[in-house]
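Quick note: the coordinates plus some simple rules give every number you see, no bench work behind them. Everything quoted here is computed from the prediction, not taken from an experiment. With ideal geometry, Cβ positions are generated from the backbone for all residues, glycine too; neighbour counts draw on all protein chains shown.
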Amino acid sequence: MAIRIRLSRGGTKKRPFYRIVVADVRSPRDGRFIEKLGTYNPMVPKDHAERLTFKEERIKYWLSVGAKPTDRVARFLSAHGLVEKPVIYKQTKQDKPKARAVERLKEKEEKKAAAESAIAESSSEE
């Protein structure tokens, strides 16, 4: 059975509140979990004590048993020295324009270059 340490969302609409839980990978995000390990409240300031609370001993136990934290939880735990900081890869294609947009840009550049060359030729003939 694969076990993850992950966030389970609670709270109301536009006021999120998360529980840090140990759950089976196959169970839904807000569904059944094995044990509650802590809380995360993103609505309070970053330096506030209640923003992130967790049971360090229980997290160490679940990590020793083989539970893997999700990326977000791993970032929280790495700040406290419990796990290594996860590698966040740079998005390679997300910020680049799609193929049709690239074609349109090339067409605009060609038209602009042709117009500039026509202006240059007409001024040189005079």
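Details
- Model label points for ALA79 and ARG9, set 7 angstrom from Cα along the Cα-to-Cβ axis, are 2.0 nm apart.
- Euclidean distance between Cα centres, the range 86-121 to the range 25-39, Å: 46 Å
- Order of ILE59, ILE34 under a 10 Å beta carbon neighbour criterion, fewest first: ILE34, ILE59
- Cross-link reach is defined here as a Cα-Cα straight distance under 23 Å, omitting same-chain residues fewer than 8 places apart; for LYS46 the lysines meeting it are LYS13, LYS14, LYS36, LYS55, LYS85.
- For the range 2-14, the Karplus equation 6.51 cos²θ - 1.76 cosθ + 1.60, evaluated at θ = phi - 60°, returns couplings of 7, 10, 10, 9, 9, 8, 10, 7, x, x, 9, 5, 6 Hz by residue, with Gly and Pro reported as x.
- Overall form of the range 17-126 per C-alpha gyration tensor (a/c, 1.5; a/b vs b/c): prolate
- Remark: the Cα gyration tensor places the range 3-79 in the oblate category, a/c being 1.5 or greater and a/b not exceeding b/c.
- Cα long-axis angle, helix 99-125 against the chain (0 to 90 degrees, to the nearest 10): 30 degrees
- Sites GLU50 and ASP71, calculated FRET efficiency, Cβ-Cβ separation with R0 30 Å, nearest 0.05: 0.85
- The slack in the chain from PHE17 to ALA118, taken as 0.36 nm per residue of separation less the alpha-carbon distance, amounts to 30.1 nm.
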